[in-house]
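To keep things clear, I will list the structure first and then write my remarks on it.
Just so it is clear, none of the values below were taken in a lab; they were calculated from the coordinates. Given the structure is predicted, the values throughout are model-derived calculations rather than measurements. Cβ coordinates were reconstructed from backbone atoms using ideal geometry, including for glycine residues, and neighbour counts include every protein chain displayed.
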Amino acid sequence: MTPPQAPGQRDLFPGALEMMVLQSLRRQPMHGYALVQHIRQRSNELLQVEEGSLYPALQRLLKDRLVKAEWEISATNRRVRTYRITAAGNRHLDREVSRFERMLEGIHLVLSPAEAE
Amino acid sequence: MAWFRSLFPRRRMYDDLSEEIRQHLEEKIESLMADGLSREDAGHQARREFGNAMLMEERSREVWLRPWIESLCADLRFAWRQAVKSPRFALAAVATLAIGIGAQTAVYSVIHAVLIDPYPYRGAMRMVHFHLYDKNPFPFDMALDGQQFAEFRRSPVLDGVIAEDKWSMTLTGEELPVQIQADRTSSNAFQFFGVPALAGREFSPSDPQTVAVLSYRFWRSHFAGRMDVIGKRVQLNHQDYTILGVLPQRFAWGGSDVYIPFAYSADPQRIASVYARVRAGVSDQAAEQALQPMLDRFARETPGNFPQNFRVHLVHIHELATGRFRGVLTILFLSVSFLLALACVNIAILLLARGEARQTEMALRKALGAGRGRIIAQLLTESLLLSIAGEGCGVLLALAGVRLLRQFIPASLFPSEAVIRINLSVLFFSVGVSMLTGIVCGVWPALRAARSDLRQAADAGSHKLAGRRGLQKSHTALLAAQLTMTVLLLACSGATVRRLSQLVHADLGYDPHQLVSTNLTLSEGDHHGWSDRVHFYEQIRKMAAADPGVISAAIAENNLPPSIIDSAPISIPALNAGSNAASKFAADHVVPQRVSPEFFATLRIPLLRGRVWNTPEMAHAAHLALINQAMQRRYWPGSDPLGQSFVLNHGVASGNAWVLVAPGNNERYQIIGVVGDTPNQGLDEQTAPAVYLPYTMITYDWFNLMLRIRGNAPELLHTLREQVHGLDAGQSVGDLVTAEDMLNDDTLGRERFIAGLFTAFALVGLVFALSGLYCVQSYLVAQRTREFGVRMALGAGRLHIAALVTKTSALAVAAGTGLGLLLNLLCSRTFADWTSGNSRDPQMLGIILAVLLVAAVLVSAIPVLFAAAIDPVTALRAE
């Protein structure tokens, strides 16, 4: 059985969501709902991430020890699981971002018609 | 509780995840409600924007999974449910494997312990004894004097040589003298054997002559296994020996009780038999060729100790111990391998039939997205679960089987050094073979399923128009193979049972009921005058005969029939006169038996003609003889043997320090009577021509006392020992053996054991074959129920349906049985050589065939009747 494609992943390349999560957490620790809100606002609502797809990404990051999670009481007096980026997560993010930038540069060069010849 | 939960990190992780997602949704709903939505709408929208919460949670969990463990657990659970769902299938598979593995391992363990590696001695496989053959088929044991032994030891083809003189000695210095088995071996013996002592030490060339090493058995039985015996003294034949040590349990060379150093004297008559180890890399033939010239020279120096014109032949010690039993054990091993093969075929049939029945399920799984690997993994798990269960039970069964065999194997069948225990390599082998069968046959249907698609399989499932041709073929072949092996097993069993019953009903020629025998051996040098010795023997015989519990007593040189007795050359002057007859009888041998005149009455051997010599005639060694019927048939078929004479041993009665020859014995005898035959070459061989002579003609330093008794044997033995002690304080008496015990244990024990084992195998094999047959037929019926329904709806008779079901299996049964019979006939000569059983007796084969066919018909009756009773309406509606 091939798994039906999750709509949230259709628009993003693999690893993009993780990268955004790590970048957000680098700024400040957050819980899941806050992460979704943060990403949505920062992208000017351009990226419509399906909220649920955040969780598998978070679990992958947890498993690879790039983030850690703890239950805390939020400012709104709610019991939330707050994620923090680890040192390994910081290194990983830097690596990923520079790789991503090189890739983007490549795509950009290919796509820009003026410098084709 | 935190520590406890930390033992299950994944469980906690999952709980956290669910909680987190729940909190997320709630927070979202609350914020939507703050935007003015109703709680219901907010809930809907939150869930819509979140996506499929279940799926997301599942995905999140999957991140953590080690997939193969998870699926393995799932497969195991599924396999267990399958086994519980069809317990008959599971039980059949497990029992089949267990019996196959258990029997194979137990029997092979015994064979390995008895045949392949029975001895603890260094280089045991190269240890040999020397037989000298002249024209006579019975070999001479080679014995050398001191000088010859010293030279023999230096032979480059041998790696260690010992001289040995085994004899009964008397344990004296106690209340009643006890006869024990002593092994006097040259002082290098323990270096030769290379087995360290259990306690104390062994003797070496530097030790004095008066030391002794005890066997484990004797140490346990006589000294109750006390450690403080070392350094103590033991009195043998009135001489003190210092106990140096105790040997380990497996050291049982010659079955002796004590080992003491043996020294050659200068006397060339002092000879001893020789054992040696052939140097590694030297073949038996090369060794024989190298030794022959040396032995020829020895024979010229001491012609009395060698036969004329002999060839030396090496006999390996394991051949001495197991002899003809080797062939039987080999067949036993083949049979039990058949049994394992049968078991595996049975498993194959079971798994294949089941796999076939589950093709629809496989196809459905495939259609729902299960990969080929997943399906294979699942079926593999199922068959491995069954294999492992079966193999576990098989190991237990093997352990029990080895114990059982150890109890039931007559001790005389194997060397006493052998330690029978489970053989790990064969255990691994049979477990491996059965596991492989399980894997291959378990996965086969999955591979097939992987090739087919749902439509095909579903068609097959819903229409079931006919069983697949290929599968039918493979089933037919497997069934036929099973039946072939079963026929062979049944034939083995039949032949051994038949032989046993022949032996049980064999004509002994004497009455074993209430007949006992014991051995008396003189201490060395006692009663060394001929008349003194004869007088002493006769005194003991008379004393025994006077006991109220004894009806009559006799003296004999040989053991009770049917023990095998060596023969001696004979010439009959009257017959040899004619030139034709001379060539016919020139190299003849007959069996000489030296007995007292009461022998015939005591054993109740009928005197057919003439008379027996009387006591005075015996006392002065009259040259009178009786012959048996076989002798009369050979030499005087139509004429009267009485008054005829013959010459034994070329007219030379050879004596030595222990064997005393009557004065004037020229080995010429006159026949005065004819008695009935008693077997003298073993129970199953034809009785050889035999002559009975007065035992006084050549008197050994031991004799057998045979008693026909009224009461019970143990009481009698005690009285006898006391009486003999009264006559000669140093004279011991051996154990009393009843003729019936001897027949049952030594003679028939082996045959009974073999027949029992073969029969057990054959029955188990038969059960396997029948369960295979039943399984094939019932799956066939189950698979074709709908087809049969259609056929019947279209007017086919029940008989026709029954015939359809029977056809394939009947073909397999016929082919298998036929092939089995053919193979049996082809192998019957080898079988006869190895077991002296006849596996081609038509009556026996008839019985086997009848048993097999009746059983096959009975077993297949159930599925056939079931098929014939199919109600077309129900069958068509059932899908």
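Using θ = phi - 60° in the Karplus curve 6.51 cos²θ - 1.76 cosθ + 1.60, the 3J(HN,Hα) couplings for the range B:160-171 round to x, 9, 10, 9, 9, 9, 8, 7, 6, 10, 10, 7 Hz; x is entered for Gly and Pro. Judged by the mean number of other Cβ atoms found within 10 Å, the most tightly packed of the peptides B:88-101, B:681-694, A:86-99 leads the ranking B:88-101, B:681-694, A:86-99. Taking a ≥ b ≥ c as the square roots of the eigenvalues of the Cα gyration tensor, the range B:143-305 is prolate, since a/c reaches 1.5 or more and a/b is larger than b/c.
Where a ≥ b ≥ c are the square roots of the eigenvalues of the C-alpha gyration tensor, would you call the protein assembly as shown rounded, which needs a/c under 1.5, or, failing that, prolate if a/b is larger than b/c, or oblate? Prolate, since a/c reaches 1.5 and a/b exceeds b/c.
Using the Cβ-Cβ distance between residue B:725 and residue B:551 with R0 set to 22 Å, the FRET efficiency from 1/(1 + (r/R0)^6) comes to roughly 0.40. Of all DSSP bridge pairs formed entirely within the range B:515-710, close to 75 percent run antiparallel.
Which entries of B:366/B:807; A:68/B:28; B:166/B:542; A:68/B:366 show an alpha-carbon separation above 28 angstrom in the structure shown?
Distance filter (> 28 Å) returns B:366/B:807; B:166/B:542; A:68/B:366.
Which three numbers, in whole Å and largest first, are the semi-axes of the equivalent ellipsoid of the range B:831-879 derived from its Cα gyration tensor as √(5λ)?
Semi-axes, largest first: 44, 10, 5 Å.
Residues whose amide H lies under 5 Å from that of residue B:550, counting only those 5 or more places away or on a different chain, are B:710; hydrogens are built 1.01 Å from N in the peptide plane. Note on residue B:217 and residue B:642: with the Förster distance fixed at 41 Å, the Cβ-Cβ geometry gives a FRET efficiency of about 0.20. Computed from label points 7 Å out along Cα-Cβ, the spacing between residue A:46 and residue B:857 is 9.0 nm. Quick one: grab the alpha carbon gyration tensor of the range A:11-111, order the square roots of its eigenvalues as a ≥ b ≥ c, and give me rounded if a/c is under 1.5, else prolate or oblate depending on whether a/b is larger than b/c. Because a/c hits 1.5 or more and a/b exceeds b/c, the range A:11-111 counts as prolate.
For the peptide B:48-61, the mean number of other protein chain Cβ atoms found within 10 angstrom of a residue's Cβ is 6. Sorted ascending by nearby beta carbons within 10 Å, beginning with the fewest, B:848, B:862, B:243 become B:862, B:243, B:848. In the protein assembly as shown, the DSSP beta bridges split such that about 80 percent are antiparallel, to the nearest 5.
Here the range B:673-735 was treated as a single set of alpha-carbon atoms; its pair distances binned every 5 Å from 0 give 3, 12, 15, 17, 17, 16, 13, 7, 1 percent.
Computed from Cα atoms, the angle from the helix B:67-85 axis to the main principal axis of chain B rounds to 70 degrees. Descending by average beta-carbon neighbour count within 10 Å, the peptides B:521-527, B:302-308 line up as B:521-527, B:302-308, the highest first. Here's how it looks for residue A:81: its modeled amide H is under 5 Å from those of A:32, A:72, which are all 5 or more places away or on a different chain. For residue A:16, project a label point 7 Å along Cα to C-beta. Then give me every residue of the range A:39-61 with its amide nitrogen under 12 Å of that point. Counting only backbone N, you get A:46-50. One Cα centroid belongs to the range B:217-244, the other to the range B:832-879; the line between them spans 64 Å.
Dipole orientation for the protein assembly as shown: of the candidates B:723, B:352, B:188, B:352 has the Cα lying most toward the positive pole (charges on Cβ; Lys, Arg +1; Asp, Glu -1). Per residue of the protein assembly as shown, the DSSP helices (runs of n ≥ 4 H) give a summed -39500 (n - 2.57) that works out to -18000 deg cm²/dmol at 222 nm.
In chain B, the longest principal axis of the Cα atoms and the axis of helix B:454-463 are about 70 degrees apart. For the listed peptides B:627-633, B:148-154, a ranking on the average number of other beta carbons within 10 Å per residue, highest first, reads B:627-633, B:148-154. Hey, can you grab everything whose amide H is under 5 Å from the amide H of residue B:197? Only 5+ residues off in sequence or another chain; H modelled, so Pro and N-termini drop out. Those lying under 5 Å, H to H, from residue B:197 are B:202. Ordering B:129, B:650 from the fewest to the most neighbouring beta carbons within 10 Å gives B:650, B:129.
Using bins of 10 Å that start at zero, the share of Cα-Cα pairs per bin across chain B amounts to 2, 9, 14, 17, 15, 12, 9, 8, 6, 3, 2, 1, 1, 0, 0, in whole %. The angle between the Cα long axis of helix B:713-727 and the main principal axis of chain B comes to about 30°, on a 0 to 90 degree scale.
Rounded to the nearest whole Å³, what is the per residue volume of the convex hull around the Cα atoms of the range B:572-694?
Residue-normalised Cα hull volume stands at 126 Å³.
Here r is the Cβ-Cβ distance between residue A:70 and residue B:201 and R0 is 60 Å; the resulting FRET efficiency, rounded to 0.05, is 0.20. Beta-bridge orientation, the range B:143-305: approximately 75 percent antiparallel, per DSSP, counting only bridges with both partners inside. Karplus-based coupling profile of the range B:15-26, in residue order and whole Hz: 4, 4, 4, 4, 4, 4, 5, 4, 4, 4, 5, 5, with θ = phi - 60° in 6.51 cos²θ - 1.76 cosθ + 1.60 and x standing for Gly or Pro.
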